[in-house]
């Protein structure tokens, strides 16, 4: 599937739309001022992705960030 280019401002305004797109298998290159910043893709699509921990195994709704960072 071909990657689509989306502006950072557009991504911020419509993050839920792009999150749903990623769930459907779409990939996006996020750019600011016509320069690519990062790639938005599902972790299952990236070969280099190395999961460290799945917080949903601790709690189905995930874990609050302040609880994670308070232990560091």
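The values are calculated or read from the model by the stated rules, or taken from the named source; none is laboratory data. Because the structure is a prediction, the values reported are computed rather than measured. When we count neighbours, we look across all protein chains shown, and the Cβ atoms used for this are built from the backbone with ideal geometry, even at glycine.
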(request) Output the residues belonging to region 35-57 that are at pLDDT 90 or above and out of contact with any strand residue (DSSP E or B) (no Cβ under 9 Å at 6 or more places or on another chain). (result) 35
(message) Step by step: first the residues of region 6-15, then only those that are over 11 Å from the mean Cα position of the chain (by Cα) and surrounded by fewer than 12 Cβ atoms within 10 Å (Cβ to Cβ), then the one that is nearest to residue 44 (Cα to Cα). Which residue is that?
(response) 12
(message) Tell me whether region 23-32 contains one or more residues that are at pLDDT 80 or above and surrounded by fewer than 10 Cβ atoms within 10 Å (Cβ to Cβ).
(response) yes
